[in-house]
Amino acid sequence: MLAKRIIPCLDVDRGRVVKGTNFSNLRDAGDPVEVAKRYEDDGADELVFLDISASHEGRDITAEMVKRVAEVVFMPLTVGGGVRNLDDATTLIQAGAEKVSINSSAVSNPDLINQISRRFGSCATVVNIDPRRTTCEGKHIFEVHIQGGRKPTGLNALAWATEVAMRGAGEIILTSMDADGTRNGYDLEITRLIADSVRIPIVASGGAGKPEHLYEALMQGNASAVLAASIFHYGEFPIPVVKKFLANQGIPIRSLS
């Protein structure tokens, strides 16, 4: 079994790391560069940097901030938010991102997935999918939302995940809007549904409150990696503690050193 990855996420709003509940009620969690450096020192496997208001506000992500973060970390860095075209993706790769993540722009222009994958490879092409439970024509579905979770799209998350994988995405970050920030655990139903339906890695996101939740997402949700924010940002469960817990449960993880 491949080693499972532990990934902190920096949700950035106007130059500060923030965390909220169900994509709202944001509170400050520090300077992005300082927080990133701490995770580098703690032994995180990767880092995800998302400008959560860039798409909604119709502006570019701050490439200079990405460059500053890339200068203090040596682990893979995924960057997203406000990526509207191939030029934007190129700018982020040049600023130091190893992977580029797209969400709203992928829905409005699915061919952008193909373009980024052709230019930089599938390993550098990540699609964020933010589903919420809803009912459509009497049926229970997971509906994709965009623009930081503000706008429903009518897309079924499973169908969309299948399409983005076919278009060349190398990874999906799956953030349950229902679970995000609740600290009650990941949405195992949608995580397992997507993970079992596509052949690319699924990063479970949204809802982690304790190490047991990460274990559940990896074992019951069949995720390839787990992404979390609050439990890491505020020092409640540092990454070395989480890695030790998972290793003791028999989860293959990357080095604790």
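In a Gaussian network model over the chain where Cα atoms closer than 10 Å are linked, find which of Leu50, Leu214, Leu193 has the largest mean-square fluctuation.
Largest GNM mean-square fluctuation: Leu193.
Rank-order 155-167, 234-246 by packing density, defined as the average count of other C-beta atoms within 10 Å over each peptide's residues, highest first.
155-167, 234-246
Going down the table (Lys210/Lys244; Lys67/Lys99; Lys37/Lys151; Lys4/Lys151), which pairs top 23 Å between alpha carbons?
Where the Cα-Cα span goes over 23 Å, the pairs concerned are Lys37/Lys151; Lys4/Lys151.
Which of Ser205, Ser224, Ser108, Ser230 has the fewest other C-beta atoms within 10 Å, and how do the rest follow up to the most?
Going from sparsest to densest Cβ surroundings: Ser108, Ser224, Ser230, Ser205.
What share of the DSSP beta bridges in the chain is antiparallel, in percent to the nearest 5?
35 percent
Picking from Glu216, Glu137, Glu64, which is most flexible by a Gaussian network model of the chain using Cα springs under 10 Å?
Judging by the Gaussian network model, the answer is Glu137.
Which net charge results when you count Lys and Arg as +1 and Asp and Glu as -1 among the other residues whose beta-carbon is under 9 Å from that of Leu77?
That sum, taken over residues with Cβ under 9 Å, equals -1.
At 7 Å along Cα-to-Cβ for each site, give me the label-to-label distance between Lys37 and Asn222 in nm.
Distance between label points: 4.2 nm.
Given R₀ = 25 Å, FRET efficiency for Arg254-Asn85 by Cβ-Cβ distance, to 0.05?
Efficiency, from the Cβ-Cβ distance: 0.15.
Under a 5 Å amide H to amide H cut-off, with H placed in plane at 1.01 Å, what residues pair with Asp51 once short-range neighbours are removed?
Val12, Gly80, Gly81
With Cα extents along the principal axes in Å defined as stated, name the option among [x] 56, 48, 31; [y] 56, 40, 32; [z] 44, 42, 36 computed from the structure displayed.
Looking at Cα extents along the principal axes in Å for this model, the match is [z].
Lys/Arg Cβ at +1, Asp/Glu Cβ at -1, dipole of the chain taken about the Cα centre: which of Val73, Ala225, Tyr39 is farthest positive-ward?
The listed residue farthest towards the positive side: Ala225.
What's the local net charge at Ser104, with K and R +1, D and E -1, over the other residues with C-beta under 9 Å away?
Charge balance near Ser104 sits at +2.
Kindly state, as a whole number, the per residue volume in cubic angstrom of the convex hull around the alpha carbon atoms of segment 125-257.
Taking only Cα atoms, segment 125-257 has a hull volume of 116 Å³ per residue.
What fraction of the DSSP beta bridges in segment 109-257 is antiparallel, stated in percent and rounded to the nearest 5?
Of those bridges, close to 50 percent are antiparallel.
Around Phe120, under 11 Å between beta carbons, what's the net of Lys plus Arg minus Asp minus Glu among the other residues?
Residues near Phe120 contribute +2 overall.
Coordinate-derived values only; no laboratory data. Being a predicted model, the structure only gives us computed values, none of them experimental. With ideal geometry, Cβ positions are generated from the backbone for all residues, glycine too; neighbour counts draw on all protein chains shown.
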